[in-house]
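Participant: Here it is, the structure in full.
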Amino acid sequence: MTAGKLTTLENRAIAHGLNVSDGHPRMPLTRGQRAIVAELGDLFDEAAKRPFHEIEQEAQRAFLHGLGQHGAPVGGERLLSCYSSSVAMDIVARTLAERTGSVALIHPTFDNIPDLLLARGLDLVPVAERRFEEGLADLPPEVGAVFVTTPNNPTGWVLGSGPLERLASWCAETGRILAMDTCFRGQDVRAQYDTYRILDDSGAEWVVIEDTGKLWPMLELKAGFLAWGERTELEIAEAFDDVLLSVSPLVLLLITRLARDASDGGYAELARLLEGNRRALGEITGPAGLVMKEPDSRISVAQLELPESCGTATEFYIRLLEHNVHVLPCEAFHWARNSDGGRDVRVALARAPEEVRAAATALAEVSARTRADERR
Ligand SMILES: Cc1ncc(COP(=O)(O)O)c(C=O)c1O
């Protein structure tokens, strides 16, 4: 049995209890962010006055250039702002379905990615992370697109620049579209090489989804950016027009300010928070037999492997709920073979350190109690 869709479980956690479930940032504002929030009234007036496209380009430039993405098509017709990265994803899924019947998708990954592709009638072929590095020569010929999440959720795995060059060239040679979700890029400098330059140089048809929503605790004031290449023949602009006119210029102004603050030390501050929370989680849960699966990950979630005595991830998740602590059981990330995630739980790290420590203590206690019960 699995517990259900990941977002359904995340919603339960929003309702009550200690929420280390969803990957949205929920830590206290930094000093710099608080000062920006204090300016909201002035930003509102500015948003009402200035031309929208000027505000939008400024936000896209500040965000993407701040993350090393100087080749991104800022200022052209091939970069759109969406309410969220999931809206961008749905647009991509729809346009891919107009072009092909089958997509090769990274496995595991956050389950709303396969779900949105499946909802558009696409067949999915699971591809393990390392295979994006080794080559995909054995993909069935009917696969018309390759979709990779990097950094990947929940593992934190990053596709390096060399492997991306090879993958993109192979997509160009074989006429496949390369689609990327880089929503967690802001948390890992290893993902901040200029992806767009590589994609453009490759000659491939490509599409990239970026996200401001994983970085700053802004109560869901965020945007997803959807970019595509000169050669990309998907009807993205048309699909976008069916969904929205534009995101709020107030949100875009906020993004500009936050991106500048982040480049000015905010990204380093976030990395320190995540590193400290990851370390504390490992130190508190390790003695209870939980193993940090990817200690080298830099993203705002961590996977813990449970000792055998804890049963399946979903069983452990339900036991934790009795203590009002919400994590995510990892079965659903493994969208093609749920059982592959059956021993792992995911803990969100973009939280106040005391929240992560409290959750870690509960995890350790529940694990220890389960082992003691077993010995009896
Ligand atoms: C890799 C990845 N991309 C996209 C999303 C969707 O983000 P949002 O809920 O802000 O649309 C998620 C959600 O956690 C995710 O993990």
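Participant: Report ³J(HN,Hα) in whole Hz for each residue of the stretch 27-43, in order, from the Karplus equation J = 6.51 cos²θ - 1.76 cosθ + 1.60 where θ = phi - 60°; Gly and Pro get x.
Facilitator: For the stretch 27-43, the Karplus curve yields 7, x, 5, 6, 4, x, 5, 5, 5, 5, 4, 5, 8, 3, x, 5, 5 Hz.
Participant: Which of N153, N324, N277 ends up with the largest GNM mean-square fluctuation for the chain, with Cα atoms connected below 10 Å?
Facilitator: N324
Participant: So what's the stretch 217-324 giving for Cα Rg divided by 2.2 N^0.38 Å, two decimals?
Facilitator: Values: Rg = 20.5 Å, N = 108, 2.2 N^0.38 = 13.0 Å.
The stretch 217-324 yields a ratio of 1.57.
Participant: Taking θ as phi - 60°, what are the ³J(HN,Hα) couplings along the stretch 143-160 by the Karplus curve (6.51, -1.76, 1.60), each to the nearest whole Hz, with x for Gly and Pro?
Facilitator: Going residue by residue, I get 6, x, 8, 10, 10, 10, 9, 8, x, 8, 10, x, 7, x, 4, 10, 7, x Hz, with x marking Gly and Pro.
Participant: Return the tail of the calculated pair distribution for the stretch 1-123, meaning the percent of Cα-Cα pairs more than 26 Å apart.
Facilitator: On the way: 3470 of 7503 pairs.
In whole percent, the long-distance tail amounts to 46.
Participant: How high is the relative contact order of the stretch 184-330, given as a whole-number percent (alpha carbon pairs under 8 Å, six or more residues apart)? Write out the running numbers ahead of the final one.
Facilitator: Details: 116 pairs, mean separation 25.2, N = 147.
It comes to 17 percent, rounded to a whole number.
Participant: One-quarter of the Cα convex hull surface for the stretch 281-376, in nm²?
Facilitator: 6.0
Participant: Hey, another quick one. At what distance in nm do the modelled label points of E374 and E142 sit from each other, each positioned 7 Å from its Cα along Cα→Cβ?
Facilitator: Output for this residue pair reads 4.3 nm.
Participant: Taking H placed 1.01 Å from N in the peptide plane, check which residues at least 5 places from I106 or on another chain put their amide H under 5 Å from its amide H.
Facilitator: For I106, the qualifying residues are V127, F147, T149.
Participant: Can you tell which of D344, D200, D45 shows the greatest fluctuation in a Gaussian network model of the chain with Cα springs below 10 Å?
Facilitator: So, out of D344, D200, D45, the one fluctuating most is D45.
Participant: Please name which of A358, P295, A48 has its Cα lying farthest along the dipole of the chain towards the positive end, using unit charges on Cβ (Lys, Arg +1; Asp, Glu -1) and the Cα centre as origin.
Facilitator: A358
Participant: Another one. Beyond 17 Å, what percent of the Cα pairs of the stretch 110-164 remain? Intermediate values should be presented prior to the final figure.
Facilitator: Values: 630 of 1485 pairs.
Counting every Cα pair in the stretch 110-164, those more than 17 Å apart make up 42 percent.
Participant: In addition: Go through the stretch 360-375 residue by residue and turn each phi into a ³J(HN,Hα) via Karplus (6.51, -1.76, 1.60, θ = phi - 60°); whole Hz please, and just put x for glycine and proline.
Facilitator: Each residue of the stretch 360-375 in turn: 4, 4, 5, 4, 5, 5, 5, 5, 5, 5, 4, 5, 5, 4, 5, 6 Hz.
Participant: If you don't mind, there's one more thing I want to ask. Given R₀ = 22 Å, what would the calculated FRET efficiency be for A268 paired with A358, taking r from the Cβ atoms and rounding to 0.05? Spell out each step's value before the answer.
Facilitator: Working: r = 26 Å, r/R0 = 1.17.
That pair, A268 with A358, gives E of 0.30.
Participant: Working out 0.36 nm times the residue gap between D42 and E238, then minus their Cα-Cα distance, what length gain in nm do you get to one decimal?
Facilitator: On the way: separation 196, 0.36 × 196 = 70.56 nm, distance 3.40 nm.
Extra length from D42 to E238 when fully extended: 67.2 nm.
Participant: Kindly report the accessible area of the stretch 31-260 per residue (heavy atoms of protein chains, probe 1.4 Å, no ligands, DNA or RNA), in Å².
Facilitator: Values: 8890 Å² over 230 residues.
Accessible area per residue, the stretch 31-260: 39 Å².
Participant: Follow-up question, since we're still on this one. Mind checking the dipole of the stretch 31-260: about its Cα centre, +1 per Lys or Arg Cβ, -1 per Asp or Glu Cβ, Debye to the nearest 20? Please list the in-between numbers first.
Facilitator: Numbers: 21 positive and 35 negative charges, 157 e Å.
Charge dipole of the stretch 31-260: 760 debye, to the nearest 20.
Participant: Something else: List every residue whose amide H lies under 5 Å from the amide H of D123, counting only residues 5 or more places away in sequence or on a different chain, with H placed 1.01 Å from N in the peptide plane.
Facilitator: S102, V103
Participant: Could you give log10 I(q)/I(0) at q = 0.12, 0.15 Å⁻¹ for the stretch 31-260, computed by the Debye formula over C-alpha point scatterers of equal weight, without solvent?
Facilitator: Ignoring solvent entirely, the Cα scatterers give -0.62, -0.96.
Participant: How large is the convex hull of the Cα atoms of the stretch 119-203 per residue, expressed in Å³ as a whole number? Mind dumping the intermediate values first?
Facilitator: Working: hull volume 8.9 nm³, N = 85.
So the per-residue hull volume is 105 Å³.
Participant: Summarise the accessible area of the stretch 31-260 (1.4 Å probe, protein heavy atoms) by the percent that is carbon and sulfur. Kindly include the intermediate steps, with their values, before the conclusion.
Facilitator: Values: 4450 of 8890 Å².
On the stretch 31-260, the fraction of accessible area on carbon and sulfur atoms equals 50 percent.
Participant: Next up: Identify the residues of the stretch 76-117 with backbone N under 13 Å of a label point that sits 7 angstrom from the Cα of H53 along the Cα-to-Cβ direction, or state none.
Facilitator: Hits in the stretch 76-117 for H53 at 13 Å: 76-79.
Participant: Could you work out the relative contact order of the stretch 31-260? I mean the mean sequence separation of Cα pairs under 8 Å and 6+ apart, divided by the number of residues, in percent. Could the numbers behind the result be given before it?
Facilitator: Working: 399 pairs, mean separation 66.0, N = 230.
So the answer I get is 29 percent.
The values are calculated or read from the model by the stated rules, or taken from the named source; none is laboratory data. The shown structure was predicted, so the numbers you read here are calculated from the model rather than taken from an experiment. Methodologically, a virtual Cβ is constructed for each residue, glycine included, from the backbone with ideal geometry; neighbour enumeration extends over all protein chains shown. These accessible areas exclude ligands, DNA and RNA; they are computed on the full protein's heavy atoms, side chains included. Shrake-Rupley method; radii C 1.70, N 1.55, O 1.52, S 1.80 Å.
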